[in-house]
1. Being surrounded by 12 or more Cβ atoms within 10 Å (Cβ to Cβ) and under 22 Å from the mean Cα position of the chain (by Cα) is the filter here, so list the residues in the stretch 306-316 that pass it.
2. In the stretch 33-61, how many residues are more than 30 Å from Gln302 (Cβ to Cβ) and either surrounded by 23 or more Cβ atoms within 10 Å (Cβ to Cβ) or not basic (Lys, Arg) (or both)?
3. Can you name the number of the only condition in (1) at pLDDT below 90; (2) touching a helix residue (DSSP H, G or I) at 6+ places or on another chain (Cβ under 8 Å); (3) of a type in the set (D, E, K, R) that Glu286 fails?
4. Can you tell me which of Val101, Val132 is touching a Ser or Thr at 6+ places or on another chain (Cβ under 9 Å) and under 17 Å from Phe330 (Cβ atoms)?
5. Against the condition in the same structural domain as Leu185 (by TED's automatic domain parsing), more than 30 Å from Asp91 (Cβ to Cβ), in contact with a Leu (Cβ under 7 Å, 6 or more places away or on another chain) and modelled with pLDDT of 95 or more, how does Ile272 come out, does it pass?
6. For the stretch 208-219: of the residues being out of contact with any Leu (no Cβ under 8 Å at 6 or more places or on another chain) and surrounded by 16 or more Cβ atoms within 10 Å (Cβ to Cβ), which is nearest to Ala195 (Cα to Cα)?
7. Taking Asp299 and the conditions (1) buried (at least 18 other Cβ atoms within 10 Å of the Cβ); (2) acidic (Asp, Glu); (3) in contact with a His (Cβ under 8 Å, 6 or more places away or on another chain), which numbered condition does it fall short on, given that it satisfies the others?
Amino acid sequence: MPLLAFGINHKTAPVTIRERVSFAPETISIALKELTSQPGINEAAILSTCNRTEIVCCVEDTQNSSVVDWFQHYHDLKPDEVEPYIYFHPDQFAVRHLLRVASGLDSLILGEPQILGQMKEAYTKALNAGTVGTLLGRLFQHTFAAAKQVRTDTAIGSSPVSVAFAAVSLAKQIFSNFSEHTALLIGAGETVELAARHLHENGIGRMIIANRTVEKAHAVAGEFNAYAIGLPEMPNHLPEADIVISSTASQLPILGKGAIERAIKARKHRPILMVDIAVPRDIEPEAGELEDVYLYTVDDLQDIIQEGLRSRQEAAKQAEELIDNQVIHFMGWLRSLDAVATIRAYREQAELVRDAELEKARRLLSRGASADEVMAKLARALTNKLIHAPSTHMRQAGFEGRSDALEIARELFDLKDPHS
């Protein structure tokens, strides 16, 4: 059954497109069930992060347009709005792509570890939605094992480089003495927690964690001696923040231009750095037009990120070699599935011959025939019946000069080459 991985990512599409095709976490289960109800789509999983939206599925034909048609219809997009940004990876290229993504080789930041956790979450959601079967189940488990091998056997994750790290590095370029400044972090997920860790390690003076669920904000804040608030309290604390880093799963902006303008006035126009690493964006883009506001998105972090990549380049080459081997291994397993039906049919045929000859032997024994004679006859009959068809075909292959068929027969039956 063909495999297909397709989607868009930070390399093929700007944030304005990526945010339009992202899937909210709470909608993925329904979306998967809807997708697998389309003609020719049997298994599916959706990976949706700030940098990519991808679908991996088992299809009856990789030329089938059902997946793309559904994707465009689901997001209410016209073909020309999204097709220029989509990439397709069929079969072994889909396997390679998935392994590269899980290993951090296709990430905005080479070797970043968060994507593996996001992929495991995508797999779990698909599993719970009932849209993962034997093939995708095996593919994801193989992917996780390969990503672990890359982490263990190479130095791909040795440098502390991530989107969060890049955001904090940017802040350090603007504010020289962190101990005199306050950071407001919006969200309580892995990215915000990582940003909080980097800020804390760099000696930030004060840190506020804002989240829709205050309990989650408290969980992150407690680890870094920060102050936790709910989102409704955020406007009151915004004027205190010199640095704002936002990463939530909200489908709509949670910080508007007006609220930021009021905060700037309250700050008496002291500059504020805002880094929006959410997709869809958390901060209205128009806020970047305000004086004393320096607004950056995920795409703006590229230059900073490049500086942290040098130490990972050699490790990435090693990782690619490991992945090549893992792709060969998985495709070998996939091809072996084609042999399962043939092996089953061969076994069933042999068992029918066995049962028929065994019944004949029992009848002879019941008539008083000698046990030794019956056993000898059974052995001869079984041998003759089992080798009859292969012998006939080998004789015909020899007559026709098909040496390749005879070579395969020797391999199948583990025979020595009579000419060697």
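The values are calculated or read from the model by the stated rules, or taken from the named source; none is laboratory data. Everything numeric in this text was worked out from a predicted model, so none of it was measured. Note that we place each Cβ from the backbone using ideal geometry, even for glycine, and neighbour counts take in every protein chain shown.
1. As a first pass, look at the stretch 306-316 and keep what is surrounded by 12 or more Cβ atoms within 10 Å (Cβ to Cβ): 306, 308-309, 311-312, 314-316.
The answer is Leu309, Arg312, Ala315, Ala316.
2. If we filter the stretch 33-61 for residues that are more than 30 Å from Gln302 (Cβ to Cβ), which is where we start, we get 33-44, 57-61.
Keeping just the survivors that are either surrounded by 23 or more Cβ atoms within 10 Å (Cβ to Cβ) or not basic (Lys, Arg) (or both) gives 34-44, 57-61.
Number satisfying all stated conditions: 16.
3. Result: Glu286 fails condition (1) only.
4. Numbers: Val132 fails: touching a Ser or Thr at 6+ places or on another chain (Cβ under 9 Å).
Checking each option against the conditions leaves just Val101.
5. Values: in the same structural domain as Leu185 (by TED's automatic domain parsing): yes; more than 30 Å from Asp91 (Cβ to Cβ): yes; in contact with a Leu (Cβ under 7 Å, 6 or more places away or on another chain): no; modelled with pLDDT of 95 or more: yes.
Answer is no for this residue.
6. Within the stretch 208-219, the subset out of contact with any Leu (no Cβ under 8 Å at 6 or more places or on another chain) is 213-219.
Those left that are additionally surrounded by 16 or more Cβ atoms within 10 Å (Cβ to Cβ): 214, 216-218.
Working: Val214: 18, Lys216: 15, Ala217: 14, His218: 15 Å.
Result: Ala217.
7. (1)
Here is a yes/no grid of residues against (1) among the small types (Gly, Ala, Ser); (2) in a loop (DSSP other than H, G, I, E, B); (3) touching a strand residue (DSSP E or B) at 6+ places or on another chain (Cβ under 8 Å):
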residue: Gln118; (1), (2), (3): no, no, yes
residue: Val132; (1), (2), (3): no, yes, yes
residue: Leu136; (1), (2), (3): no, no, yes
residue: Ala145; (1), (2), (3): yes, no, no
residue: Lys148; (1), (2), (3): no, no, no
